[in-house]
Amino acid sequence: MSIAPRRDGSGAVDPVKPLALLSLLFSGAMFGFFFAWVCSTMWGLDAADPNVAIAAMQAMNASVRNWVFAPAFFGTPALLVLTALAAMRARERRVAIGFAIAGLLYVLGAMVPTMTVNVPLNDALALIETPLGPAEAGEAWRAYSGPWQDWNAVRAVAAGLVLALAGWGLSETGSVPPESEGRGLS
């Protein structure tokens, strides 16, 4: 598989392969982000003193809203859709459908849970002033951590599927000559 961009019939560079590669990178970044929370960060915080866990999570939630994270989080679905449109224009229908499904899956499986569950939980946690008594801190952390982790697991699975679709799309880009794809469908 070559990642070099191919040229279309007019000699212009076909943008599908470079866009597919960027889609793969952005999807991988987001899968890695959600996955790291699943298998290390939250387990570590659960093992810590609840007052420490609350304060640490408050700090992490405040720091994640930054110029590095925002383009990856919000740019991934836009890039997936742009790749789908470029593939459709290049008459790579299967690739276009794969990237379009990946974009929809990212929105529904990663963005919607983030905005409707994880961020509201983060906002509620931000209002807690530490230190609390041991029992109160333990209860506050358990009430936050369980639902937050459940929904983060949903985001990680969705982002993993998006990454797999982007990888498949990249591997399929250019594998079928655009002229032959779709024959017999007219």
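The values are calculated or read from the model by the stated rules, or taken from the named source; none is laboratory data. These numbers come from a predicted model, not from an experiment. Note that each Cβ is placed from the backbone with ideal geometry, even for glycine, and that neighbours are counted across all protein chains shown.
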- [ ] List every residue pair whose Cβ atoms lie under 7 Å apart, where the two residues are 6 or more positions apart in sequence or sit on different chains, the first residue falls within the stretch 105-117 and is closer than 16 Å to Phe69 by Cα, and the second residue, located anywhere, is buried (at least 18 other Cβ atoms within 10 Å of the Cβ) and of a type in the set (D, E, K, R).
- [x] Ala110/Arg155; Thr114/Arg155
TODO: Look through the stretch 42-90, keep the residues that are under 11 Å from the mean Cα position of the chain (by Cα) and touching a residue at least 40 places away in the same chain (Cβ under 8 Å), and return whichever of them is nearest to Leu170 (Cα to Cα).
DONE: Leu80
Open item on the list: When the residues of the stretch 92-146 are narrowed to those that are farther than 27 Å from Ala59 by Cα and of a type outside the set (A, V, I, L, M, F, W, C), which ends up nearest to the chain's Cα centre (by Cα)?
Closed with: Gly103
Open item on the list: Suppose we keep only residues that are crowded, with 21+ Cβ neighbours inside 10 Å and not hydrophobic (A, V, I, L, M, F, W, C) within the stretch 82-106. Which one would you say is nearest to Asn152 (Cα to Cα)?
Closed with: Tyr106
Task: Condition check for Gly182: at pLDDT below 95, of a type in the set (Gly, Ala, Ser), in a loop (DSSP other than H, G, I, E, B) and surrounded by fewer than 18 Cβ atoms within 10 Å (Cβ to Cβ) - done: yes
Task: Condition broken by Asp46, with the remaining ones in (1) of a type in the set (Asp, Glu); (2) crowded, with 17+ Cβ neighbours inside 10 Å; (3) touching a Phe, Trp or Tyr at 6+ places or on another chain (Cβ under 9 Å) satisfied - done: (2)
- [ ] Look through Val119, Val112 and report the one residue that is under 21 Å from Leu24 (Cα atoms) and at pLDDT 95 or above.
- [x] Val112
Open item on the list: For the structure I just gave you, tell me whether Ile54 is at pLDDT below 95, in contact with a helix residue (DSSP H, G or I) (Cβ under 8 Å, 6 or more places away or on another chain) and either on the phi > 0 side of the Ramachandran plot or among the β-branched types (Val, Ile, Thr) (or both).
Closed with: no
Open item on the list: Restricting to the stretch 10-41, give me the number of residues that are free of Cβ contacts under 8 Å to residues at least 12 places away in the same chain and not in a helix (DSSP H, G or I).
Closed with: 4
